[in-house]
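Contents: one structure, followed by commentary.
The values are calculated or read from the model by the stated rules, or taken from the named source; none is laboratory data. Note that the structure is a prediction, hence the values are computed from the model and not measured. FYI the Cβ positions are ideal-geometry reconstructions off the backbone, even for glycines, and counts take in every protein chain you see. Note: accessible area is taken over every heavy atom of the protein model, side chains too, but ligands, DNA and RNA are not part of it. Shrake-Rupley method; radii C 1.70, N 1.55, O 1.52, S 1.80 Å.
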Amino acid sequence: MATATTPFAGTYVADPVHSSFGFAVRYQGVSIFRGTLSAVTATLTDGRLDGVAEVESISIRTPEQFRAHVLGPEFFDTQNHPELRFVSSDVQLHEDGTAVVDGELTIKGITRPVHATGTWIASAPDAFGRTRGHLQLEAVVDRTGFDMNWNAPLPAGGNALANEVTLTADLSLVEQS
């Protein structure tokens, strides 16, 4: 069994250039569609993780109709809900490099519990004199629980878009003085 390390003492902030939030979902029954939200802010203060991702920063740029569809009411509804938010209730970082984080994820104004697992690379001095660690997390959610219900039937049966979505967060965390 892994030994838990003490969660951060102090405050660490996600480096926006080296942090992202991603998603992957089975599409057309055979392929995986992936997207990334690049405008991510996150803070880990004394073992509590709070994060926000701006939906407009989604990696989908073209075709414009597809981008509009994903940002529209059938998916993210950015006009009414411009960001995703995560607030942890428990952060466990282990000496063996594993991480377990429980909390609440809010998408489209709907908040659901989320259990994420991943890896933790302990903080150390970086090349620029700052102290930096890295937290990588993955969780699986049902998109319909966040009122993302769009789908289309496939000719051979089934649906074009799976309900299970794999979420990933990569956070390069820099200690604040």
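Values for this structure:
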item: Test: residue in region 92-99 that is open to solvent by 30 Å² or more (accessible area, probe 1.4 Å) and either under 17 Å from VAL13 (Cβ atoms) or free of Cβ contacts under 8 Å to residues at least 60 places away in the same chain (or both); result: no
item: Among the candidates ARG34, ARG67, ARG48, ARG85, residue that is of a type outside the set (A, V, I, L, M, F, W, C), under 18 Å from the mean Cα position of the chain (by Cα) and under 17 Å from LEU161 (Cα atoms); result: ARG34
item: Candidates PHE146, PHE128, filtered to the one that is among the aromatic types (Phe, Trp, Tyr), in contact with a strand residue (DSSP E or B) (Cβ under 6 Å, 6 or more places away or on another chain) and free of Cβ contacts under 8 Å to residues at least 60 places away in the same chain; result: PHE146
item: Count of residues meeting criterion [crowded, with 18+ Cβ neighbours inside 10 Å and among the aromatic types (Phe, Trp, Tyr)] in region 65-84; result: 2
item: Contacts under 7 angstrom Cβ, first residue in region 47-64 being more than 15 Å from GLY35 (Cβ to Cβ), partner at pLDDT below 95 and not in a strand (DSSP E or B), 6 or more apart; result: GLY47/PRO7; GLY47/PHE8
item: Subset of region 139-177 [within 30 Å of TRP120 (Cβ to Cβ), in a strand (DSSP E or B) and of a type in the set (A, V, I, L, M, F, W, C)]; result: ALA139, VAL140, VAL141, ALA162, VAL165, LEU167, ALA169, LEU171, LEU173, VAL174
item: The one condition in (1) open to solvent by less than 30 Å² (accessible area, probe 1.4 Å); (2) at pLDDT below 95; (3) at negative phi that GLY47 fails to fulfil; result: (3)
